[in-house]
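Where a number appears in this text, it was derived from the coordinates with a stated rule and is not lab data. It should be emphasised that the depicted structure is a prediction, and the values quoted were computed from it without experimental measurement. Here the Cβ is made from the backbone with ideal geometry for all residues, glycine too, and neighbour counts use every protein chain on show.
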Amino acid sequence: MKLYFKQRFFSWFDSYDIYDEFGSAVYEVKGQLAWGHCLKIFGANREELGTVKEKVLTFLPKFELYIGDSYVGCITKELTFLKPKFQLDCNGWNVEGNWMEWDYTIVDSVGMTVASVTKEVMKWTDTYVLDIVNPQDALAVLMVVLAIDAEKCSRNN
């Protein structure tokens, strides 16, 4: 399953549209007014599906992931030099990627690929292609990608 993750060009808060490989809208992500990033994920029928919420006042950036109101895990940036690394506490997954953080892979506890994420360059806004092995993992993969993108945006501002 492929999802195309596109940040909206004009928006007061972080807003993204997520499309499937056929161009149909699958998810809509809307940033909320909050301390730190708070991203709400809505389905095609406008029902709220999940939340990515940044924990503030932490030594390193940390994002909590919720499906509905249920906590499913977190992603924390690790203290490293040159190559950014993230500690993922969700479904036994790990994030592996290149030093620019544009292309990375989410793998499970036995090293099998859950999803590959590639940033498309030469675009006006952040645009990613998410190649997800199991469609049932799509929402959790999207939340991980949103957290990493939010961390990079915070670091670059």
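Numbers for the structure displayed
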quantity	calculated
Long-range amide H partners of H37 with built H, under 5 Å	E54
Hull volume in cubic angstrom per residue (convex hull over the Cα atoms of the chain)	119 Å³
E120 paired with N98, simple spin-label distance in nm, labels 7 Å along Cα-to-beta-carbon	1.7 nm
³J(HN,Hα) computed for each position of region 127-135 - Karplus, 6.51 cos²θ - 1.76 cosθ + 1.60, integer Hz, glycine/proline x	9, 10, 10, 10, 9, 9, 5, 10, x
Pairwise label distance in nanometres, N91 with E21, each label 7 Å out on the Cα-Cβ vector	1.8 nm
D126 long-range amide H proximity, modeled H, under 5 Å	Q7
